[in-house]
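The values are calculated or read from the model by the stated rules, or taken from the named source; none is laboratory data. Because the structure is a prediction, the values reported are computed rather than measured. Counting neighbours? That spans all protein chains shown, and the Cβs are built from the backbone with ideal geometry, glycine included. Surface areas here come from the heavy atoms of the whole protein model, side chains and all, with no ligands, DNA or RNA. Shrake-Rupley method; radii C 1.70, N 1.55, O 1.52, S 1.80 Å.
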Amino acid sequence: KDGSPRYYTYGTPFFNYGLIPQTWEDPSLMSPQGNGGDNDPLDVMEIGEGPLKMGSINPCKVLGSLELIDEGETDHKIICIVLSDPDANRINSMGDLDAVKPGTTARLIDWLKRYKTSDGKPENSLAQDVPTSVEEALDIIEETHQ
């Protein structure tokens, strides 16, 4: 939130973490669960095979999203794969992701729910444990870009 690098004590992330420029989760827009946006750009969890350079801009394919409820705020996580990844041509949705990389969705859900517990905070929750479709994720991107 203050521009400094983030360090996580809940294991080593198995994904690249970033954001979508020119998006913003509006705190005044309430989700069906009654949570406002987190006042930040949309977060991205890129699930390719290796690390991407910090601060780099990488064209990605959207696969879906997960809606984290973080300390009472809506914090969408857009799941994507960088186009240069060797598996990008085989992974076009969250279903494809689990077919090509079994268990990845479950690992993402576990990480999102539990990553703050190692710092003594309670588990996060998700609006639903099933990721959105590509189309729904693209709608979220469009809504937060306006």
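Of all the residues that make up the range 30-69, how many are in contact with a Lys or Arg (Cβ under 6 Å, 6 or more places away or on another chain) and either farther than 25 Å from Ser93 by Cβ or surrounded by fewer than 16 Cβ atoms within 10 Å (Cβ to Cβ) (or both)?
Adding up the residues that qualify gives 0.
Quick check: is even one residue across the range 70-82 open to solvent by less than 20 Å² (accessible area, probe 1.4 Å), in a helix (DSSP H, G or I) and either among the aromatic types (Phe, Trp, Tyr) or in contact with a helix residue (DSSP H, G or I) (Cβ under 9 Å, 6 or more places away or on another chain) (or both)?
No - not one qualifying residue is present in the range 70-82.
Going through the range 107-135 one residue at a time, which ones are modelled with pLDDT under 95, part of a helix (DSSP H, G or I) and open to solvent by 80 Å² or more (accessible area, probe 1.4 Å)?
Within the range 107-135, Arg114, Asp119 meet the criteria.
Which condition from (1) part of a loop (DSSP other than H, G, I, E, B); (2) among the hydrophobic types (A, V, I, L, M, F, W, C); (3) surrounded by fewer than 18 Cβ atoms within 10 Å (Cβ to Cβ) is the one that Leu138 breaks?
Among (1) part of a loop (DSSP other than H, G, I, E, B); (2) among the hydrophobic types (A, V, I, L, M, F, W, C); (3) surrounded by fewer than 18 Cβ atoms within 10 Å (Cβ to Cβ), the lone unmet condition for Leu138 is (1).
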